[in-house]
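The values are calculated or read from the model by the stated rules, or taken from the named source; none is laboratory data. Just so you know, these numbers come straight off a predicted model, no measurement behind them. A quick note on method: Cβ atoms are made from the backbone with ideal geometry, for glycine too, and the neighbour counts reach across all protein chains shown.
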Amino acid sequence: MANDVSWLHAFVLVALLRFCLCQDGMRLNISLPDYVDLYKPMDYAVIGQQKCGTSTLWNVMTRSPFIKWVSKKKETFYFQGPAGKTLCDHDVAGYQALVAVQRDTFGNQRVRYRTANGDFVLYEVPYDQLRVGDWSTSHLSCLCCPLSLKSLNPKMKLIVVLRDPIQRFISRFHEQQSSRSLPYNRMVRDRTLP
């Protein structure tokens, strides 16, 4: 019940915001069932560390017109504060509003989608079939982020991406060596692994 309350609070806050906007002359062209689907909580969260394959999974999953994420960028780092400090109680209603923006932008639209063989197919993407989620490497190292995400939606799917730590270190080392713009490039550029 407590988990439903956080979703309900976010729903009521957004509903009040929409009501206030309508009073200022804006009109909503949306039915009540669509309105409920538009403001439902996030469906999934992908949590993992850097160099574990989250980008590959993101590239594959987001090819579907039915899969969207909370931000314009892959990772929002929404619950991460300065110097890696977590903000797990950070403006949950605002976070839910990001989800609603994606549902409003991409829901109930016809979308051209390229299939594996290169053909284009036209899909209708209803609000209730659009899946919106979050991707962030900071969620795994945070003790409270998975619980905070799950409290937004008890039925949320948490997808955890892991990798052998040695292989992850080697991949990160080579990434830092390959680009002068990365923060540890100077430290590793002339080094080799034993």
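Is there a residue in the stretch 172-185 that is without any contact (Cβ under 8 Å) to a residue 60 or more places away in the chain, of a type in the set (K, R) and within 30 Å of Y113 (Cα to Cα)?
no
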Cβ-Cβ below 6 Å, separation at least six or inter-chain, first residue in the stretch 107-123 and without any contact (Cβ under 8 Å) to a residue 12 or more places away in the chain and hydrophobic (A, V, I, L, M, F, W, C), second assigned to a strand (DSSP E or B) and surrounded by 10 or more Cβ atoms within 10 Å (Cβ to Cβ): which pairs?
F120/R114; V121/Y113
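Out of curiosity, is Q102 touching a Ser or Thr at 6+ places or on another chain (Cβ under 9 Å), surrounded by fewer than 19 Cβ atoms within 10 Å (Cβ to Cβ) and either modelled with pLDDT of 65 or more or closer than 27 Å to V121 by Cα (or both)?
On the way: touching a Ser or Thr at 6+ places or on another chain (Cβ under 9 Å): yes; surrounded by fewer than 19 Cβ atoms within 10 Å (Cβ to Cβ): no; either modelled with pLDDT of 65 or more or closer than 27 Å to V121 by Cα (or both): yes.
When the stated conditions are applied, Q102 does not pass them.
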Those residues of the stretch 58-76 which are more than 9 Å from the chain's Cα centre (by Cα) and among the aromatic types (F, W, Y), in sequence order:
W58, F66
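Pull up the stretch 54-99, narrow it to residues that are among the acidic types (D, E) and loosely packed, with under 14 Cβ neighbours inside 10 Å, then point me to the one that is modelled with the highest pLDDT. Steps first, please.
Our first condition is that a residue be among the acidic types (D, E); within the stretch 54-99, this holds for 75, 89, 91.
Those still in the list that are loosely packed, with under 14 Cβ neighbours inside 10 Å too: 89, 91.
Working: D89: 64, D91: 69.
Out of the qualifying residues, it is D91.
For the stretch 157-169, enumerate the residues that are under 27 Å from the mean Cα position of the chain (by Cα) and either over 30 Å from V132 (Cα atoms) or at pLDDT below 85 (or both). Even if it seems obvious, please write down each step before you answer.
Start the filter on the stretch 157-169 by keeping residues that are under 27 Å from the mean Cα position of the chain (by Cα), which leaves 157-165, 167-169.
Selection gives Q167, F169.
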